[in-house]
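Student: Okay, handing you the structure first.
The values are calculated or read from the model by the stated rules, or taken from the named source; none is laboratory data. Owing to the predicted nature of the structure, the values given are computational and were not obtained by experimental measurement. As a convention, Cβ positions derive from the backbone with ideal geometry for all residues, glycine included, and neighbour counts pool all protein chains shown.
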Amino acid sequence: MPIQSVERAAAIIELVDAAPLGLTEIARAMDLPKPTVHGLVRTLVDVGFVQQDPDTGRYSVGDRLGRVGHGLDRHELRSLATNWSDRLAARLRLEVHLAVPDGFDALVLLDHVFRPDDSPQTLRIGEHQPVHATALGKVLLALAPGVGPVRALSLVAYTSASLVEAAALTAELGEVRRRGWAVEAGEHQPGIGGVAAPVRDVGGVVVAAVGVVGPQQQLLDTSHAPRPAVVQQVVAAGRAISQQLAHRW
Amino acid sequence: MKVVAAIDQGTTSTRCVLFDHAGRMVSVAQHEHRQHYPQPGWVEHDALEIWRNVERVVPEALRSAGLAVADVAAIGIANQRETAVVWDRRTGEPAHPAITWQDTRTAPLVAELNAGPTAALFEEVCGLSPAGYFAAPRLRWLLDRVPGLQERAEAGDVLFGTMESWLIWKLTGGPIGGVHVTDVTNASRTMLMDIDRLAWDDRLLAALDIPRALLPEIRPNVAVYAECTAAAPGVPIGGAFGDQQAALFGQTCFAEGEAKFTYGTGSFLLLNTGTQRPTPSNGLLPTVAYAIGEEAPTYAVEGSIAMTGSLVQWFRDSLEMIRSAPEIETLARSVADNGGCYIVPAFSGLYAPRWQPDARGIIVGLTSFVTKGHLARAVLEATGWQTAEVVDAMTAVAPVPIQRLKVDGGMTANHLLMQFVADVLDVPVERPLVLESVSLGAAYAAGLAVGYWPDLEVLRNNWHRAARWEPAMPDDLRRRERENWERAVERTYDWVR
Ligand SMILES: Nc1ncnc2c1ncn2[C@@H]1O[C@H](COP(=O)(O)OP(=O)(O)OP(=O)(O)O)[C@@H](O)[C@H]1O
Ligand SMILES: [Mg+2]
């Protein structure tokens with residue numbers, strides 16, 4: 001059953017796209033009372049699909065509508081994230097990764113900030129990782145649309161610690177959703193730990209994950225729980241990047 | 001927590017960045033300002049709009065860090081260089097929009113100067129042969145063209161400055177007690193400063209008929225100028241820097257032979273040449289690197305490229321090929337190579353090392369094969385090849401060959417570009433953990449001035465490598481592509497008559 005207010009909202013967008021119109025004109029064109037139209041138009045302005053010229057009072061198509069259909073460009077994401085990825089590496093003195101989904105079962109490293117100790121390191125940008133074995137991957141698997149489901153993945157054992165049971169992985173993803181961050185403990189590479197948090201685009205959709213990796217004993221305690229300071233900084237970086245994305249318009 | 005604040009007043013935007021003791025970024029706030037193009041080749045900024053952005057970014061950066069003005073130990077300023085503004089000392093009203101460093105309107109005036117008897121004097125005293133790139137011809141243009149301005153200048157009613165002078169004057173009270181100062185690096189880009197004595201030179205002022213009363217006092221980069229009364233009331237201004245020299249300082253290139261390349265609107269290579277004044281050669285400019293308090297100044301040679309990031313912006317705004325600058329990497333990665341296409345962005349002539357004011361931009365090698373992906377590659381490669389030309393010129397004068405290139409600025413987030421730069425230079429390229437080197441340099445100056453940091457050695461230990469790109473291009477490909485680029489550049493010469 002069609003929902004009337006959605007139909008009317010669509011009609012308003014088309015009207016003001018054809019020519020900037022005042023409230024009276026919109027109401028007349030739609031043959032609706034002005035208060036009804038006003039409520040619809042206000043909502044459309046609030047979500048950014050329609051905008052009002054402060055001088056003439058007329059309505060036209062909002063900026064946000066122009067962006068519909070264009071996902072966030074991944075290199076724009078990297079650029080916008082850089083200052084915050086760098087800050088995370090500086091604060092924790094660990095290597096930082098920024099990742100986006102690559103298909104339903106993998107991620108690709110979009111950015112890599114060296115561990116700031118000036119030791120020789122090699123850029124890992126473009127590296128693919130399975131989503132079930134890294135902290136970044138678990139964030140995307142738990143939260144990003146189009147990644148998973150668990151039953152579609154082949155749960156390869158990279159180390160003896162890899163999660164290869166669907167039930168165990170599913171339970172852990174529930175934890176990731178609840179806590180808002182993920183951890184890895186030698187599940188991809190022996191002795192390497194990681195903590196990651198989501199990056200959300202405007203509207204809340206998870207589009208990327210940001211995290212740190214390093215020697216397990218540096219990040220995690222003996223029961224594989226990450227140090228609180230690490231979690232706090234990683235989550236803060238995820239939030240800062242998300243805010244940066246929201247400000248890009 | 002005490003922090004140091006930097007204001008980076010750039011060509012396209014103004015930001016405020018806060019730094020902690022370890023030289024780590026704490027927060028940043030940024031606003032773009034409008035670019036005005038009243039005529040081809042003219043580029044202007046509204047100095048008041050920029051000032052309002054400064055007033056906004058400082059509290060915004062503090063708020064996002066959860067800090068108050070009292071937490072700021074000092075404030076440092078870095079700015080787009082050579083952009084000229086004249087304002088009324090009583091009202092604070094700019095007499096004309098600021099004429100930016102990209103503006104070419106002074107070309108006829110400069111040609112006249114170069115044909116006249118004083119050209120050699122300029123080179124001898126300020127180290128620069130007259131060019132439309134520098135600030136003084138813009139001041140001359142303003143005095144000629146703004147009705148009554150010459151008289152007001154002679155009467156002492158108006159003040160001249162590059163952006164840092166304008167902002168410091170506004171920050172310290174404007175008409176009520178505002179201090180009118182500039183720093184040695186910005187002053188070294190006017191064409192009016194004796195590069196040995198670091199003072200305005202009366203002969204050069206006379207050559208351009210510029211009243212001395214108009215000019216700010218020249219100060220070292222690291223020195224407390226005054227306290228702010230606006231934006232961050234009570235906070236001392238501990239230093240100012242032209243943005244490129246700020247980046248050199250922020251990258252801690254304190255030793256002779258150390259260099260950095262900053263990729264922004266334009267791109268600039270600066271090489272520290274120590275305390276000896278460098279002689280101009282190979283199209284590189286001698287300039288002041290920094291002066292700390294009353295110590296002897298350190299010099300640098302500079303290779304300036306007018307258009308790099310701004311070519312990406314043109315590709316975005318004028319051709320509408322992409323919606324954001326970084327998206328150019330996505331487009332460029334959609335193809336394997338440039339498809340035989342080369343773009344030479346001589347939009348306002350070519351700067352270092354060729355200095356061809358009459359060159360104009362071209363796109364060559366177009367065939368039906370070429371797509372917008374190839375054009376995107378050509379845009380990025382133009383930055384790579386211009387880098388190579390400047391680095392080659394620099395290598396000829398550097399005491400030791402460049403073993404690695406330290407880079408910073410917004411374009412270094414583009415990995416395709418950074419790999420290409422490493423490939424065409426055939427040396428590794430490294431970026432520091434703080435990409436905002438311009439801001440960091442300004443913060444370092446201010447922090448040193450108030451004792452927040454004790455000395456340069458401490459700052460040097462703050463530098464950390466965040467990424468490194470290794471060269472991977474086969475030699476014969478590099479040679480072939482370089483030849484194509486050079487053939488393309490030759491075709492831009494002498495277009496303007
Ligand atoms: N990922 C990218 N790829 C290519 N170009 C980019 C990218 N990100 C930014 N740019 C370009 O870099 C410039 C912005 O960099 P940055 O912020 O360092 O310069 P800027 O400080 O604004 O320059 P200025 O100080 O002159 O204003 C813009 O010209 C933009 O087109
Ligand atoms: Mg800049």
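Student: Which condition number in (1) over 15 Å from B:His415 (Cβ atoms); (2) within 14 Å of another protein chain (Cβ to nearest Cβ); (3) buried (at least 24 other Cβ atoms within 10 Å of the Cβ) is the one that A:Glu95 fails?
Tutor: Against the list (1) over 15 Å from B:His415 (Cβ atoms); (2) within 14 Å of another protein chain (Cβ to nearest Cβ); (3) buried (at least 24 other Cβ atoms within 10 Å of the Cβ), A:Glu95 comes up short only on (3).
Student: Among the residues that make up the stretch B:229-242, is at least one of them closer than 14 Å to B:Val407 by Cβ and either modelled with pLDDT of 95 or more or of a type outside the set (A, V, I, L, M) (or both)?
Tutor: For the stretch B:229-242, residues closer than 14 Å to B:Val407 by Cβ and either modelled with pLDDT of 95 or more or of a type outside the set (A, V, I, L, M) (or both): absent.
Student: With (1) over 15 Å from A:Ala89 (Cβ atoms); (2) over 11 Å from the mean Cα position of the chain (by Cα) as the list, and A:Ala208 as the residue in question, which single condition is left unmet?
Tutor: So the condition that A:Ala208 fails would be (2).
Student: Across the stretch A:204-249, which residue is nearest to A:Leu77 (Cα to Cα) among those that are away from every other protein chain (no Cβ under 14 Å) and among the charged types (D, E, K, R)?
Tutor: A:Arg227
Student: Taking the condition touching a helix residue (DSSP H, G or I) at 6+ places or on another chain (Cβ under 6 Å), more than 9 Å from chain A (Cβ to nearest Cβ) and not in a helix (DSSP H, G or I), does B:Pro471 pass?
Tutor: yes
Student: Additional query: Of the residues that sit in the stretch B:418-436 and are within 13 Å of ligand 1 (Cβ to nearest atom) and within 22 Å of B:Gly250 (Cβ to Cβ), which one is surrounded by the fewest Cβ atoms within 10 Å (Cβ to Cβ)?
Tutor: B:Met418
Student: What number of residues within the stretch B:63-83 are more than 14 Å from chain A (Cβ to nearest Cβ) and away from ligand 1 (no atom under 16 Å from the Cβ)?
Tutor: Selection size over the stretch B:63-83: 9.
Student: Only one of these is assigned to a loop (DSSP other than H, G, I, E, B) and within 26 Å of B:Tyr37 (Cβ to Cβ): B:Ala352, B:Ala376, B:Ala336, B:Ala382. Name it.
Tutor: On inspection, the qualifying residue turns out to be B:Ala352.
Student: Considering each of B:Ala70, B:Ala98 in turn, give the residue that is in contact with a helix residue (DSSP H, G or I) (Cβ under 7 Å, 6 or more places away or on another chain) and hydrophobic (A, V, I, L, M, F, W, C).
Tutor: Being in contact with a helix residue (DSSP H, G or I) (Cβ under 7 Å, 6 or more places away or on another chain) and hydrophobic (A, V, I, L, M, F, W, C) holds for just one of B:Ala70, B:Ala98, which is B:Ala98.
Student: Now for a separate question. Within the set of pairs 6+ apart or on separate chains, which have a first residue in the stretch B:328-341 that is among the hydroxyl-bearing types (Ser, Thr, Tyr), a second that is within 16 Å of ligand 1 (Cβ to nearest atom), and C-beta atoms under 7 Å apart?
Tutor: Partner pairs satisfying both residue conditions: B:Thr330/A:Asp73; B:Thr330/A:Arg74; B:Thr330/A:His75; B:Ser334/B:Gly373.
Student: To continue, here is another question. Counting residues that are within 16 Å of ligand 1 (Cβ to nearest atom), which helices (runs of 4 or more DSSP H) fully inside the stretch A:30-138 reach at least 2?
Tutor: In the stretch A:30-138, A:74-92 are the helices (runs of 4 or more DSSP H) which contain 2 or more residues that are within 16 Å of ligand 1 (Cβ to nearest atom).
Student: Residues being more than 15 Å from ligand 2 (Cβ to nearest atom), buried (at least 17 other Cβ atoms within 10 Å of the Cβ) and more than 13 Å from chain A (Cβ to nearest Cβ): count how many of those fall in the stretch B:4-40.
Tutor: Residues flagged as more than 15 Å from ligand 2 (Cβ to nearest atom), buried (at least 17 other Cβ atoms within 10 Å of the Cβ) and more than 13 Å from chain A (Cβ to nearest Cβ) within the stretch B:4-40 amount to 2.
Student: Do you know which residues across the stretch B:145-159 are in a helix (DSSP H, G or I) and on the phi > 0 side of the Ramachandran plot?
Tutor: If the condition is that a residue be in a helix (DSSP H, G or I) and on the phi > 0 side of the Ramachandran plot, then no residue fits.
Student: Report, ordered by the first and then the second residue, all pairs with beta carbons closer than 6 Å, sequence separation of six or more or different chains, a first member in the stretch B:473-485 that is over 12 Å from B:Ala388 (Cα atoms), and a second member that is assigned to a helix (DSSP H, G or I).
Tutor: B:Met473/B:Asp423
Student: Just to be sure, is A:Val183 away from chain B (no Cβ under 14 Å), more than 27 Å from B:Pro326 (Cα to Cα), at pLDDT 95 or above and within 19 Å of the chain's Cα centre (by Cα)?
Tutor: So A:Val183 fits the description; yes.
Student: Related question: I'm checking my understanding of the structure. Among residues of the stretch B:313-336 that are at the interface with chain A (Cβ under 9 Å from one of its Cβ atoms) and near ligand 1 (Cβ under 9 Å from one of its atoms), which one is nearest to B:Leu416 (Cα to Cα)?
Tutor: By that ranking, first place goes to B:Glu329.
Student: Still on this structure, I have one more. Among the numbered criteria (1) more than 22 Å from the chain's Cα centre (by Cα); (2) of a type outside the set (Lys, Arg); (3) at pLDDT 95 or above, which single criterion is violated by B:Gly76?
Tutor: Unmet condition: (1).
Student: Looking at the structure I just gave you, is B:Gln403 in contact with a Ser or Thr (Cβ under 9 Å, 6 or more places away or on another chain) and away from chain A (no Cβ under 14 Å)?
Tutor: It is false that B:Gln403 is in contact with a Ser or Thr (Cβ under 9 Å, 6 or more places away or on another chain) and away from chain A (no Cβ under 14 Å).
Student: Check A:Leu109, A:Leu123 and return the single one that is surrounded by fewer than 24 Cβ atoms within 10 Å (Cβ to Cβ), more than 19 Å from the chain's Cα centre (by Cα), on the phi < 0 side of the Ramachandran plot and of a type outside the set (Gly, Ala, Ser).
Tutor: A:Leu123
Student: If you check A:Leu77, A:Leu72, which single one turns out to be within 14 Å of chain B (Cβ to nearest Cβ), aliphatic (A, V, I, L, M), closer than 19 Å to A:Gln243 by Cα and surrounded by 21 or more Cβ atoms within 10 Å (Cβ to Cβ)?
Tutor: Sole residue among the options that is within 14 Å of chain B (Cβ to nearest Cβ), aliphatic (A, V, I, L, M), closer than 19 Å to A:Gln243 by Cα and surrounded by 21 or more Cβ atoms within 10 Å (Cβ to Cβ): A:Leu77.
Student: Something else now. Do you know which of the residues in the stretch B:393-417 that are in a helix (DSSP H, G or I) and within 10 Å of ligand 1 (Cβ to nearest atom) is surrounded by the fewest Cβ atoms within 10 Å (Cβ to Cβ)?
Tutor: B:Leu416
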